[in-house]
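Student: Right, I'll just put the structure down here and ask away after.
Read the figures in this text as sums done on the coordinates, not as results from a lab. All values reported here derive from a predicted model rather than from experimental measurement. Note that each Cβ is placed from the backbone with ideal geometry, even for glycine, and that neighbours are counted across all protein chains shown.
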Amino acid sequence: MQASVKPVQTAAESQAPAQRIPLWIFRIAALLAGLAMFFPPVNPGRVSEKINEAASLFTTGVSYSTITNSMGRILRSQWIQDKDITLLMAACCILMVGVAACCVGACMSLGNRRMRKTGMILPIAGAPVMGVGLLLIHRVYTSIVQHAEEVGKTGTVLPILPEGFKVFVFFAALLLVTALMAFFTTRVRDDDEKMDMDEKYRLFLMMLPVILLSFIFAYLPIYGWRFAFFDYKPGGNIGPDNFVGFKWFASLFNDPATVSDLIRVLRNTLIMSGLGILTSWLPIAFAVLLAEIRSTRFQRVVQTLTTIPNFISWVLVYAIAICIFSTDGFINSFLTNVMHVAGAKTNYLQIADHTWLKMLLWGTWKGVGWSAIIYIAGIAGIDQQLYEAARVDGANRFRCIWHITIPGLMPTYMVMLLMSIAGILSNGMEQYLVFENAMNKDVIEVLDLYVYHIGIGQNQIPLSTVVGISKSLIGVTLLFGANGISKAIRGESII
Amino acid sequence: MSKKDSASPMHIKRSTGDWIFDIAVIILFSIFTFVCIFPFYYLLINTISDNDLVTSGKVNFIPLLKNAQGNGVFGIQVNNYIALRNVQDLGSSVVITVARTILGTALMVITSAWAGYLVTKQKMWKRSFWYRFLVITMYFNAGLVPWYMNMLMMGLTDNFLAYIIPGMVAPYNIILVKTYIESIPASLEESAIIDGAGTTKVWLKIILPLSVPILATIAIFGAVGNWNSFQDSLLLMNNSPSLYTLQHRLYIYLNSSSNLGAMMSQGGTVSEQAAASMLNQRVIQYTVSMVSIIPILLVYPFMQRFFVKGIMLGAVKG
């Protein structure tokens, strides 16, 4: 790469603040404008309140069905004309082209002086394109207002000039001004090489799409935490009038119904996680005993067959549970037809007794063979000379296991144990969802399932968000706590 | 196992206690292995036996067909599998699941390979920050409902893309690829750079071919994960039954059946006729379950050789 041969002039170095500041404002504005395209609250194309609230600028530009799916009669009766919607989509696409040009310009601004200067041409052209798009959106808006007045349906069509419109006007102006400033303050000298970019920025730009995807799907949900502070109902709005502060947080401790629910699900959660932690030595026992068998073929067969359940979904585990334990499953038909027990018609899945134990057994059935693999690999990695030396000293196999194998596996086990303690509140919901029924509802509902039930099932968005936030924060605290313990004891971090 | 070579000294002095212990261990493992495998076998024989015999609970250990006297004799039939053609909505869910498995896995593998390679580049601007930015998402999530609201905001509800786009960035797999690439001798890459190859070309021509083993590992685990996916379908596809995944569809079938089963055991309200058809419906559900297990069993032999590699690499964290 040329970068390694000849140092390239980069944006960040050798520049006066007067040049740097507009450039940074420009980059940040371009990034925000780029993200805003996918952000429904600032959709400039929502020129009627009947346009889907969940549609972003991007969706408005590309999906006719999404923006019109809640219009129904308005569209059928042409109170909003089809040509307006088509024009709106075109306008949004033009606006997006402008934003995209600015974003490309922002990327190029990380290059050397010549590249930066060339790159600024894009936003200087792109910002006016954004302007054209915005003008067209405004025109659609006036046309919708006019048409709605003509048919006398202004009250139904509800034309608005959305907040997002102003936001994008602001972005377009800001991008244009800063790009012009950057363009005219950047002097390209004759001795500047051709367009080039320092490798560190080039690598960063290559990474950028991955970073953005991660941001959108893993970090942006945190923005949803705002629902915890509002009296939000699905389909409604959030604003100053339904801001409730920490009411929902307080309800975790004040509201009797919520408190009793929480105590119940926390009991289930902690008991089931606790049982899991108490039996977390099982995979070690599995691995140690398996290693004692001298036939490697037997070892391989056992390992192969006991790992299969790990790879089927919980729904399939439930299907298997039905075919073994239900009214006409294996147990009952075996009792009736082979053991000749009369009246064996119990549906074991409908019995709520010992639910915690049953869930533990299903989890063990599914996971123990798989969890043992890491220990089996660990045993294979133990120095064989240790065993030979111990045997010379007269140790029998049990002493070998106790003094060599088990200590050899302890570091791995400690990591697993600390991780499971950190995840004590998260036992997932799939297993409990599939096994849940009217009988065992009270004892099977764990925290994750509870959040699903109240959030998605009963649409109590704020309450379920509050529970989710608390769970996330406790989880992170536990993780860092476990990590701290691990650092203190083993001098090694687990994350 | 590498114990093989050291087994001989142990072999010399085996006491009676050792023999009893060995036999006990072998019996223990045989029982557990049986418990792990028998349900699959039982499910299978129930789908390939005569449905009347299944209904009356005669099929316990071997597949049976009726002979002329109506008694069960050993034999198999595949009519249930053919009958699946008529099961409502099953076809679309199979198509959706196959599509998401192929597309989702391919995109995830490419993204992991690309990101895993780039994060090994010390020269990248703020490399360690961005690496942590990706990795930290493994340990922290905003919660189910905020996640759902976010997907709603992104227009990814009732949308097939919701199955493949969010899964593209898989931090754990990025760590696996990164660790693997770091074990490739740096000289290979350097020589290509000296020959004038750029980052993309080095990735395509040097890194990708060399990291096939780890990519195969994450591909196969990713594919199984996609095939088994249930939760995203359940949460996001409320208004689009045609986009349900196979597991979601199976879940619906299973539940409609267990409700009928509950009604039955409480007595009398359902006629014999309905009971029989319910049980045939149950046979169909067994068959659908079998259909969703079979692909996993088919790739399973290929997966096995990646197990230890995948897990060990996971233990060597980034």
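Student: Quantify how strongly other chains surround peptide B:228-234 by giving the mean number of their Cβ atoms within 10 Å of each of its Cβ atoms. Don't skip to the answer; put the middle values down first.
Tutor: Details: counts 7, 1, 7, 7, 0, 0, 6.
Counting Cβ atoms of other protein chains within 10 Å of each residue's Cβ and averaging gives 4.
Student: Cut-off is 10 Å between beta-carbons; in what order do B:VAL212, B:VAL98, B:VAL177 appear when sorted fewest neighbours first? Provide the component values of the computation, followed by the final result.
Tutor: On the way: B:VAL212 11, B:VAL98 14, B:VAL177 27.
Taking fewest neighbouring Cβ atoms as first place, the list is B:VAL212, B:VAL98, B:VAL177.
Student: Over all directions, average the projected area of the Cα convex hull of region A:29-69 and note it in nm². Please list the in-between numbers first.
Tutor: Numbers: hull surface 10.5 nm².
Value for region A:29-69: 2.6 nm².
Student: Report relative contact order for region A:249-490 in percent, whole number only (criteria: Cα-Cα under 8 Å, sequence separation at least 6). Each step should come with its number before you reach the end.
Tutor: Numbers: 208 pairs, mean separation 66.6, N = 242.
Relative contact order for region A:249-490 comes out at 28 percent.
Student: Here's another thing I want to ask about it. Within region B:282-307, whose backbone N sits under 11 Å from a point 7 Å along Cα→Cβ of B:SER183?
Tutor: Correct set: none at all.
Student: What is the Cα centroid distance between region B:205-258 and region A:62-83, reported in whole angstrom?
Tutor: Result: 34 Å between the Cα centres.
Student: Separate question: With Kirkwood's inverse mean 1/r over C-alpha pairs for Rh, give me the Rg to Rh ratio of region A:118-233, two decimals please.
Tutor: On the way: Rg = 21.5 Å, Rh = 19.0 Å.
Here the Rg-to-Rh quotient is 1.14.
Student: Based on the mean of other beta carbon atoms within 10 Å per residue, what is the order of A:106-115, B:55-64, most packed first? Don't skip to the end; give the middle numbers.
Tutor: Numbers: A:106-115: 22.1, B:55-64: 17.6.
Highest-to-lowest ranking by the protection proxy: A:106-115, B:55-64.
Student: Averaged across the residues of B:111-124, what count of C-beta atoms belonging to other chains lies within 10 Å of each residue's C-beta?
Tutor: Values: counts 4, 1, 0, 4, 7, 1, 2, 5, 3, 0, 7, 2, 10, 9.
Whole-number average of other-chain Cβ neighbours for B:111-124 is 4.
Student: Quick one: in region B:15-77, what % of C-alpha pairs are over 20 Å apart? Provide the component values of the computation, followed by the final result.
Tutor: On the way: 905 of 1953 pairs.
Every Cα pair in region B:15-77 considered, those over 20 Å come to 46 percent.
Student: Given a cut-off of 54 Å, what percent of all Cα-Cα pairs of the protein assembly as shown lie beyond it? Please list the in-between numbers first.
Tutor: Details: 73171 of 330078 pairs.
Looking at the protein assembly as shown, the distances longer than 54 Å represent 22 percent of pairs.
Student: Can you order the peptides A:455-461, B:169-175, B:237-243 by their average number of other Cβ atoms within 10 Å per residue, highest first? Write out the running numbers ahead of the final one.
Tutor: Details: A:455-461: 18.0, B:169-175: 22.7, B:237-243: 14.6.
So the order, starting with the most tightly packed, is B:169-175, A:455-461, B:237-243.
Student: Relative contact order, percent, of chain A when contacts are C-alpha pairs under 8 Å separated by at least 6 residues? Working shown, then result.
Tutor: Working: 602 pairs, mean separation 69.6, N = 495.
Computed value for chain A: 14 percent relative contact order.
Student: Also, I was wondering about something else. Can you list, largest first and rounded to whole Å, the semi-axes you get for region A:249-490 by taking the square root of 5 times each eigenvalue of its Cα gyration tensor?
Tutor: Over the Cα atoms of region A:249-490, the ellipsoid semi-axes are 38, 29, 13 Å.
Student: Neighbouring Cβ atoms within 10 Å as the yardstick, rank B:LEU246, A:LEU205 fewest first. Write out the running numbers ahead of the final one.
Tutor: Working: B:LEU246 29, A:LEU205 17.
Going from sparsest to densest Cβ surroundings: A:LEU205, B:LEU246.
Student: Can you sort A:VAL104, A:VAL466, B:VAL109 by how many other beta carbons sit within 10 Å, fewest first? List each step's numbers first, then the result.
Tutor: Details: A:VAL104 16, A:VAL466 26, B:VAL109 23.
With the sparsest Cβ surroundings first, the list reads A:VAL104, B:VAL109, A:VAL466.
Student: If the limit is 25 Å between Cα atoms, which of A:LYS366/A:LYS441; A:LYS441/B:LYS58; A:LYS345/B:LYS58; A:LYS117/B:LYS121 go over it? Mind showing how you got there, number by number?
Tutor: Working: A:LYS366/A:LYS441 22 Å; A:LYS441/B:LYS58 33 Å; A:LYS345/B:LYS58 15 Å; A:LYS117/B:LYS121 28 Å.
Those over the limit are A:LYS441/B:LYS58; A:LYS117/B:LYS121.
Student: Counting only other chains, what is the mean number of Cβ atoms within 10 angstrom of the Cβ of each residue in peptide B:291-301?
Tutor: Per-residue shielding by partner chains comes out at 2.
Student: Kirkwood Rh over Cα pairs of region A:2-228 into Stokes-Einstein at 37 °C, 0.692 mPa s: D in µm²/s? Before the final figure, lay out each step's value.
Tutor: On the way: Rh = 19.2 Å.
Answer from the Stokes-Einstein relation: 171 µm²/s.
Student: How big is D for region B:18-129, in µm² s⁻¹ as a whole number, if Stokes-Einstein is applied with the Kirkwood radius of its Cα pairs at 10 °C and 1.306 mPa s?
Tutor: Details: Rh = 19.6 Å.
D = 81 µm²/s.
Student: Across region B:113-164, how large is the tail of the calculated P(r) beyond 19 Å, expressed as a percent of all Cα pairs? Let's see the in-between values first.
Tutor: Working: 661 of 1326 pairs.
Percentage above 19 Å: 50.
Student: Could you grab the relative contact order for region A:355-495? Cα pairs under 8 Å, six or more apart, rounded to a whole percent.
Tutor: Result for region A:355-495 is 24 percent.
Student: Among A:VAL145, A:ALA125, A:PRO17, whose Cα projects farthest towards the positive end of the dipole of region A:2-228, with charges put on the beta-carbon of Lys, Arg (+1) and Asp, Glu (-1)?
Tutor: Of A:VAL145, A:ALA125, A:PRO17, it is A:PRO17.
Student: While we're looking at this one, here's another question. With N denoting the number of residues in region A:52-129, provide Rg(C-alpha) divided by 2.2 N^0.38 Å, to two decimal places. All intermediate terms of the calculation are to be shown ahead of the outcome.
Tutor: Details: Rg = 17.3 Å, N = 78, 2.2 N^0.38 = 11.5 Å.
So region A:52-129 has a normalised radius of gyration of 1.50.
Student: Another question, then. In region A:378-448, which chymotrypsin sites (Phe, Trp or Tyr not before Pro) fall in coil by DSSP and have 12 or fewer other Cβ atoms within 10 Å? Please list the in-between numbers first.
Tutor: Numbers: sites: A:TYR387, A:PHE398, A:TRP402, A:TYR413, A:TYR432, A:PHE435; in loops: none.
Listed in order of number, the matching sites amount to none.
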